[in-house]
Amino acid sequence: MSIFNIIKRDLQTFQAYPDINLINEKVSLRFFLKALLDIDYRAIFMYRLSCFLINSGVKKIGLLFYYRLKSAHAIDISPFAKIGPGLKIVHAFNIVIGPDVIIGKDCVLFNSVTLGNSHPSWKLDKNMEKFMPVIEDRVTLCPGSRIIGKVKVGHDAFIATNAVVIKNVPASETWGGVPAKRILKN
């Protein structure tokens, strides 16, 4: 999928939220410019731009966009994470997405979400591997949720506020608590 189609899908999701089933195919230039004024969309756009520049061989400028997003908005989305089209961030603040994290299509992230390794990378030795979470399609991560380590969250899952997920979450389930456990099967 081209960068333009990914950005268009992000815009469509941004425009249709909270009912993502009502995605409109048409997105005007005027709406795109209006969306850039919103930090929720701008964070996603700066991440996409950073990834595009790094993958196009303009690594230094791509990293400049990454550091700008990180310093100006307190959002740390690694340009080495793989995020599918249609990402929606609600209340973009204090979000951390580590490198090698995989996020599927049409996911929703609220503020203070952390997706990362269970071991800080600066403490890795030869015996420790770097394990990152995999988030499948249409997952909602509520404020303060943490998905840590080699965890897979199935499609259409819902992770409740302040949940700490340290084991796999099956598809179409609601999980919450510390450590997270199944609350409800959708």
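The values are calculated or read from the model by the stated rules, or taken from the named source; none is laboratory data. Every value quoted in this text rests on a predicted model; they were computed, and no experiment measured them. As a convention, Cβ positions derive from the backbone with ideal geometry for all residues, glycine included, and neighbour counts pool all protein chains shown. All accessible areas refer to the heavy atoms of the entire protein, side chains included, with ligands and DNA or RNA removed. Shrake-Rupley method; radii C 1.70, N 1.55, O 1.52, S 1.80 Å.
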Amide H contacts under 5 Å for Ser172, placed H, 5+ residues apart: His155, Asp156, Ala157
Fraction of accessible area attributable to carbon and sulfur, the chain (%, probe 1.4 Å): 58
HN-Hα J in Hz across the range 82-97 - Karplus 6.51, -1.76, 1.60, θ = phi - 60°, x for Gly and Pro: 10, 10, x, x, x, 5, 10, 10, 10, 6, 4, 7, 6, 9, 10, 10
Among beta bridges that DSSP assigns inside the chain, antiparallel share in %, nearest 5: 15
Only Lys, Arg (+1) and Asp, Glu (-1) charged, at Cβ; the chain dipole about Cα centre in debye: 320
Within the range 7-67, trypsin sites (Lys or Arg not before Pro) in DSSP loop having at most 14 other beta-carbon neighbours inside 10 Å: Lys26
Mean accessible surface per residue for the chain, computed with a 1.4 Å probe while every protein chain stays in place, in Å²: 54
Residue-count net charge about Pro79 - beta-carbon cut-off 15 Å; Lys, Arg +1, Asp, Glu -1: +4
Length-normalised contact order for the chain - Cα pairs under 8 Å, 6+ apart - percent: 12
Residue-by-residue Karplus 3J(HN,Hα) for the range 36-53, coefficients 6.51, -1.76, 1.60, Hz, glycine and proline x: 5, 7, 8, 4, 4, 7, 4, 4, 5, 4, 5, 4, 4, 5, 4, 4, 4, 5
Cα gyration tensor, the chain - rounded (a/c under 1.5), prolate or oblate: oblate
Amide H contacts under 5 Å for Ile97, placed H, 5+ residues apart: Asp76, Ile77, Ser78, Leu115
Long-range amide H partners of Val165 with built H, under 5 Å: Arg146, Ile147, Ile148, Ala180
Top of Ile103, Ile61, Ile89 by mean-square fluctuation, Gaussian network on the chain, Cα under 10 Å: Ile61
